[in-house]
Structures are given as structure tokens and as C-alpha cells.
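Scroll down for the structure; my scribbles are underneath it.
Just so it is clear, none of the values below were taken in a lab; they were calculated from the coordinates. Bear in mind the structure is a predicted one, so any value in this text is a computation, not a measurement. Neighbour counts run over all protein chains shown; Cβ positions are idealised from the backbone, glycine included.
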Amino acid sequence: TIPADAADAFTAGGSRQQAAVTLARWYGAAAEKDAPYEEPLAAVSDPTVSRIHMANAYYLPETAVWSGTSYSCDMAAAAEIKKSIMKNGAVAASYYEDQKARADSGYYNLQTCSYFYPGDEQANQGITIVGWDDSYKQTNFTGKSLPEGPGAWIVKNSRGQESDQNGYFYLSYYDRSLCDYTLFEAVPENASS
């Protein structure tokens, strides 16, 4: 059993590099019944439990292109991510989520369940991209500035925000913080090699 004071390691967040290394060790992909989430976080009896074995981690191209303070969205990279989703399934990514209540952040439109961040903060939240809508209107977003064009990823938030549609929301292709697109390929733990 992990000591209670070490439980904070499980809520400290991480990165795609940490996720890839952990999953490559065949740790961490636990079912809810194996490691139920509780507040405050209880010690996990077996931190090495995993229901899958990672076979590969593919780092997909980034859509955010920065040149000094100038930003553009690489739509060719977005097309590659879409191909990966169609062929292989969901893609992990990260984005910046304001730590205030999302509805009070100025970046989230509660009526349309859509998010667009135009700033330069670093990503701090993991998400899963499950689809997209190329015709999603710019006017569905909110804030002082709107995305440069239409289109949004359909995203499952790991936090399952109550303000989302059952944990899903739209994230603009043009979100400045969106990064770390990763496809994790896995096989069930009991699959033969």
C-alpha cells in the first residue's frame, strides 16, 4: 500500500511523456473498480495495476504554429489527426483550462459547451479528442476574441465537467494552448504477444 502522504503523486498531473513512460511499463491503465476515485484521494493498494499493455505511443503533429507572437493553426496537421482518429480511435491531447470555474473564465460558452483560449498560457489539462465538426461556427464560442475560423474538436474531458454535455464539449481548432496530440496503441493485458 502506498503511504497516505504519497497519494498526492496521483493528483499532481503529468504530461504525455510521463503517460507514455508509465504505460510502457504496463502500469496505470486501471479500471474504475481497480482504483476508484475518491476525495480526498485514498492510497492505492496496487499502483502497478493495468488493464492494457501499451504497444506504441505516436506523437502526432502539432496544430499550433507560433512565430514570435504570431499564431496560426496548421490545418494539414489537423487533417493528420483526423485521419488517425478515423483509423485508430480517440487521440489524447492537452490544453489550458482556467482554474476558475470554467463558466466564469471568459473562455467557455455554457450554452454551446464550447471553449476557446486565445492566450499564451501552457497546457494544464489532459483531454481525449473523439471527433470533430469542421463547420462548427466561430460564433458558438465566447470571449473577448473569437477563433480565426470555424471548426472544433469534440472532446471528452477527464474531469467530466457538469457544465459539459455528459463530459463532452467543443474545443476550437484555433485554441492557442492545444498541444501534445498523442495516439496510445494498446492491447488487453491478457492478449497473447
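Below are the figures for this structure:
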{"quantity": "Highest average packing first - 82-92, 121-131, 176-186, Cβ atoms within 10 Å", "calculated": "176-186, 121-131, 82-92"}
{"quantity": "Net charge of neighbours whose Cβ lies under 11 Å from the Cβ of residue 152, counting Lys and Arg as +1 and Asp and Glu as -1", "calculated": "-2"}
